[in-house]
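Every number here is computed from the coordinates shown, using simple stated rules; none is lab data. Since we're looking at a predicted model, the values are computed, not measured.
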């Protein structure tokens with residue numbers, strides 16, 4: 001079974017809540033969604049990593065999470 005990526009991401013956003021009960025409930029929902037698909041967190045993480053946009057650079061670069069259009073030009077020392 002395939003995991004609904006958008007639903008999982010929506011649930012994971014709820015884990016950012018300042019209310020511990022909401023955050024824990026969201027993690028339990030995410031775990032249930034993953035288990036119901038017959039997957040593990042390792043499957044999920046490796047699947048998302050394979051879809052990571054290449055235009056954002058590599059983890060070795062200091063600004064790999066910032067879209068190219070939002071990056072500040074680097075100044076020479």
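Between residue 7 and residue 31, full extension at 0.36 nm per residue minus the direct alpha carbon distance yields a gain of 7.4 nm. Our analysis of segment 1-50 gives Rg over Rh at 0.99, with the two radii drawn from alpha carbon positions and Rh computed by the Kirkwood formula.
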